[in-house]
Amino acid sequence: MRSPDNVEVLIGLGVAFREQGKMDAAFTHFTRALALAPDRADAHNNLAVALEATGNLPDAITHYEKAVALNPNQAEIHNNLGNALEQQGRLDEAMTRYDRALALKPDYPEAHYNRSLLLLLLGEFAQGWAEYEWRWRCKANPERGYPTRPQLSGEPLAGKTILIQTEQGFGDSFQFLRYVPAVAERGAKVVLAVPGPLLRLVTALPGISAVVSDGDPLPDFDFHCRLLSLPHLFGTTIETIPACISYLAPPPDTAAAREDRLATEPGLKVGLVWSGNPANRMNLRRSIPLAALQPLWRIPGIRWYSLQVGSPAADISPVPQPPIEDLAPFLTDFGETAAAICHLDLVISVETAVAHLAGALGRPVWVPLTVVPAWRWLLGRDDSPWYPTMRLFRQTTPGDWTPVVGALAERLTRLARGGGASC
């Protein structure tokens, strides 16, 4: 059916198609709207959002800039442009756009949140943590609060019961669970609320009085706190990150079950994760096509194990030699995944939950990164202040994994020849 030549309708239909993931239809409608009304800032902005979602940052930036030129006083467009510029590595320009958005609209949560991520990426933790508290005011991230209990904001903890809630992705939980024992060390009784897949893994975390999961009744508590607010409450700097080598461990019975399968295998045992959650808007940039890792298969002396779960695990079948053993059927929760990791010599994982879990377990883990990665990996370093056993392998050109795979292959070759201590 032919779209009507009504600009408002065309833009509205384009937005609807974009939200449904039907990008070709969205592009058709936005392009038609701009052909009829090339001076419509909202059409340029919406087309740019769709282009950004498909990874076409140069064209997205072009249309955001046209939208800004047509409507320089709309904070949302400045924020969108800032986000696209940041992904391209144009960080100073991105910060300028976030600042302009906030000058126009000081209480704009999304601009505060995006600005916080850039500050944290730059290592400016004091400002970054404070801005990061805006995350729960964003439309896409509604706050889970308890009106009858106050939120923890620096009160003395001795003798108090604190409900700490995990939030966001599993990787975020693994990274920041390190703070829970510190809350208990200040005299608090800690109740930890986690989603079901984390339940068995966190039960033995030091300092926890109780663990509750989805749908469980809550015990009485004095204050509640979101897990990723703890770095702000503790005033964390890069120098004061609680970077203990390991603070999580697999459930003992699960570890024994994995030992029978993995511990006696010969060769260097390497676990692999090449994709994050496909629903994550950053997944296209952070994931590596399995075929691009082919140079690694030619390295002798390595046994490969897939820790990949979800739909990307189906990518294994076309890989010819050597075989990659698929552990996904056994990875029913993160306790099982932790046990498997502990019987491997090394994990290579894109920036997703398994990378964090391996680091939290104190296992050697190598993480390939995009040019502008998530804030937690910072910039310009091959180590992580969060995980002492982690090494980072960074892109130098957006979208080009070839040098990264080459660096991984070189280091793996040395490792497989007997340099196990160099993980």
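Miscellaneous remarks
- Restricting the search to helices (runs of 4 or more DSSP H) fully inside the stretch 270-350 and requiring at least 1 residues that are surrounded by 23 or more Cβ atoms within 10 Å (Cβ to Cβ), in contact (Cβ under 8 Å) with a residue 60 or more places away in the chain and touching a strand residue (DSSP E or B) at 6+ places or on another chain (Cβ under 9 Å) gives 334-342.
- Cβ pairs under 8 Å, 6+ apart, first in the stretch 214-226 and touching a residue at least 60 places away in the same chain (Cβ under 8 Å), second among the small types (Gly, Ala, Ser): His224/Gly145
- Test: residue in the stretch 186-207 that is under 25 Å from Val273 (Cα atoms), touching a residue at least 24 places away in the same chain (Cβ under 8 Å), part of a loop (DSSP other than H, G, I, E, B) and among the aliphatic types (A, V, I, L, M): yes
- Residue in the stretch 34-44 that is closer than 20 Å to Arg285 by Cα, outside any helix (DSSP H, G or I) and among the charged types (D, E, K, R) present: no
- Sole residue being closer than 22 Å to Gln87 by Cα, in the same structural domain as Ala313 (by TED's automatic domain parsing) and surrounded by 23 or more Cβ atoms within 10 Å (Cβ to Cβ), chosen from Val367, Val371, Val354: Val367
- Number of the condition not met by Gly128 [criteria: (1) within 20 Å of the chain's Cα centre (by Cα); (2) surrounded by fewer than 19 Cβ atoms within 10 Å (Cβ to Cβ)]: (2)
- Whichever residue in the stretch 152-173 is touching a helix residue (DSSP H, G or I) at 6+ places or on another chain (Cβ under 8 Å) and part of a strand (DSSP E or B) and, among such residues, is surrounded by the fewest Cβ atoms within 10 Å (Cβ to Cβ): Gln165
- Just so you know, in the stretch 361-384 the residues that are farther than 19 Å from Val347 by Cβ and of a type outside the set (Lys, Arg) include one that is nearest to the chain's Cα centre (by Cα), and it is Trp375.
- Test result for Thr54, polar (S, T, N, Q) and either without any contact (Cβ under 8 Å) to a residue 24 or more places away in the chain or touching a Ser or Thr at 6+ places or on another chain (Cβ under 6 Å) (or both): no
- Scanning the stretch 392-411 for residues that are farther than 19 Å from Leu344 by Cα, among the hydroxyl-bearing types (Ser, Thr, Tyr), modelled with pLDDT of 95 or more and in a helix (DSSP H, G or I) turns up at least one hit.
- Pair list, Cβ under 7 Å, 6 or more apart: the stretch 384-397 residue assigned by TED's automatic domain parsing to the domain that holds Pro364, other residue of a type in the set (Ser, Thr, Tyr) and in a loop (DSSP other than H, G, I, E, B): Met390/Ser384; Leu392/Ser384; Gln395/Thr370
The values are calculated or read from the model by the stated rules, or taken from the named source; none is laboratory data. What you see is a predicted model, and the numbers here were worked out from it, not measured in a lab. All Cβ positions, glycine included, derive from the backbone under ideal geometry; neighbour counts span all protein chains shown.
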